[in-house]
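The values are calculated or read from the model by the stated rules, or taken from the named source; none is laboratory data. Just so it is clear, the structure is predicted and the values come from calculations on it, not from any experiment. So basically every Cβ, Gly included, is an ideal-geometry build from the backbone, and we count neighbours across all protein chains shown. The protein model used for the area step is the full one, side chains on, heavy atoms only, and it has no ligands, DNA or RNA in it. Shrake-Rupley method; radii C 1.70, N 1.55, O 1.52, S 1.80 Å.
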Amino acid sequence: MLNYIWGCMILIGIAVAAVTGRLQDVTNAAIESAKDAVMLCVTMLGVMSMWTGLMRIAERAGLIDMLSEKMAPLLRMLFPDIPRGHKALKHISTNFIANILGLGWAATPAGLKAMDELQGLNSRKDTASRSMCMFMIINMSSLQLVTMSILAYRSQYNSANPSEIIGPGLIATLVSTLIGVIAGKFFERGSGS
Amino acid sequence: MSYIMMLSNLIIPMTFAVIILYGYAKRVELYDNFIEGAKDGMQTVVGILPTIVGLMVAVGILRASGALDIISRLILPLTSRLGYPNEAVPLTLMRLVSSSASTGLLLDLFKKYGPDSYMGRFVSIMMSCTETVFYTMSVYFMSVKITKTRYTLTSALIANFAGVAASLLLTNILFPS
């Protein structure tokens, strides 16, 4: 699926550019983007390692175990296939909490570890397990309670009340996550683990 | 507003303070563990770098070609029948593939209509409840070499669509134009 989409994005881009006469733009964009990706990773290298360092302290202190214990009933419902007390649950909890707080770059390393643990439980290594699908769906349904960057842009453009969108934003976020979970659970029933 | 801004400014320092204090109380070797964890994080970033390069190149090519504008124009008859604001269509599509490009489009709309207009409010809410689906999916699945993603994309698109629909409905109810 991913291979297919990735290839399609490039081929569609080149085909459209050939028709609209934008091939030069495409050439520039390809090279610029490759450079931007590395620049992004340089920033990430700093910020993410700061978070993983801090999270390691939280882990050693037992803070993460405490939080994931609190989230256990919810996680059991979302991920019935993960055995109780499995490491994956700890990483999923960390990922969810960081996402909810809007600490996206603290969420990613925990999320990748969660995927790694889920892969250990997975019987077909090239195919996503039910737990992986659900974890990804929730991650992509937006969990962040308050999107600070949007509030900042609104103030920057002289909004009279930048925060008036917090309430509706929160409701819309809950709707998207809930619908995502329902959709995931619906598709889950029609297929194997 | 200032209250919320203050609270948000506190999130990161408070996260630091709570973790350090908790670690201190449990007699964890703070700096040693930080360094060990940070080393781990660096390896993670290096591991996902190739995925990000591949992804950003593909998105860059797609953007520069103008394909998204053409797709927006093609679905315009459908979206305007549904009462969807025309000029928000490219942003809605871009949101799925690129965070930085969609921010650019958001700011263009703010500049043109102002953040307190119907359009400004709608896109603000819509941006808060949607995610860059393709980016997240590539980075996470590629890290464990999963190529068959089953119903993940469909469900994620349904979730995002529901978020967009909810945003439109909420804007119409709370801020009628």
With axes computed from alpha carbons, what is the tilt in degrees of helix A:63-78 against the longest principal axis of chain A, rounded to the nearest 10 within 0 to 90?
80 degrees
At 1.4 Å probe radius, can you tell me the per residue accessible area of the protein assembly as shown in Å²?
47 Å²
Compute the longest continuous run of chain A that contains no exposed trypsin sites (Lys or Arg not before Pro); treat a site as exposed when its DSSP state is not H, G, I, E or B and it has at most 13 other Cβ atoms within 10 Å.
A:1-83
Can you list the DSSP H helices in chain B whose Cα atoms extend at least 18 Å along the helix axis and whose mean Kyte-Doolittle hydropathy is 0.0 or higher?
B:2-25, B:30-65, B:67-81, B:99-113, B:152-174
Degrees separating the helix A:23-60 axis from the principal Cα axis of chain A, which is the longest one:
20 degrees
Give the residue list of trypsin sites (Lys or Arg not before Pro) in segment B:86-177 that are DSSP loop and have at most 10 other beta-carbon atoms within 10 angstrom.
B:K145
Between the modelled labels at B:L169 and A:I5 (7 Å from Cα along Cα→Cβ) the distance in nm is 2.5 nm
When the accessible area of the protein assembly as shown is computed with all protein chains present and a 1.4 Å probe, what percentage of it is carbon and sulfur?
66 percent
Pairwise FRET efficiency - B:S177 versus A:D116, Cβ, R0 = 45 Å, nearest 0.05
0.40
Nearest-0.05 FRET efficiency for B:T136 and A:T27, computed from C-beta distance (R0 35 Å)
0.80
Once you sort the root eigenvalues of the Cα gyration tensor of segment B:22-110 as a ≥ b ≥ c, which label holds: rounded (a/c under 1.5), prolate (a/b larger than b/c) or oblate (the other case)?
prolate
Which of the trypsin sites (Lys or Arg not before Pro) found in segment B:1-88 are in a DSSP loop and have at most 15 neighbouring Cβ atoms, other than their own, within 10 Å?
B:K26, B:R27
Let me know the shape class of segment A:96-170, please: from the alpha-carbon gyration tensor, a ≥ b ≥ c as square roots of the eigenvalues, rounded when a/c is under 1.5, otherwise prolate if a/b is greater than b/c, or oblate.
prolate
Can you give the Rg/Rh ratio of chain B, where Rg is from the C-alpha atoms and Rh is the Kirkwood radius?
1.06
When the Cα centres of segment B:1-47 and segment A:161-193 are compared, how far apart do they sit, in Å?
28 Å
In whole Å, how far is the Cα centre of segment A:1-77 from that of segment B:76-122?
23 Å
Label-point separation, B:L10 to A:L67 (7 Å along Cα→Cβ), nm:
1.8 nm
B:N86 and B:V46 label points (each 7 Å along its Cα→Cβ direction) are spaced in nm at 5.2 nm
Say R0 is 45 Å: what FRET efficiency, to the nearest 0.05, do B:V18 and B:K112 get from their beta-carbon distance?
0.60
Hey, can you list the residues from segment A:118-157 whose accessible area shrinks by 50 Å² or more with all protein chains present, relative to the chain by itself (probe 1.4 Å, no ligands or nucleic acids)?
A:D126, A:A128, A:C133, A:M136, A:I137, A:M140, A:S142, A:M148, A:I150, A:Y153, A:R154, A:Y157
Buried accessible area between B and A, both sides, 1.4 Å probe, in Å² rounded to 100, is 8500 Å²
Rank A:W105, A:W6, A:W51 by accessible area, highest first, at a 1.4 Å probe radius?
A:W6, A:W105, A:W51
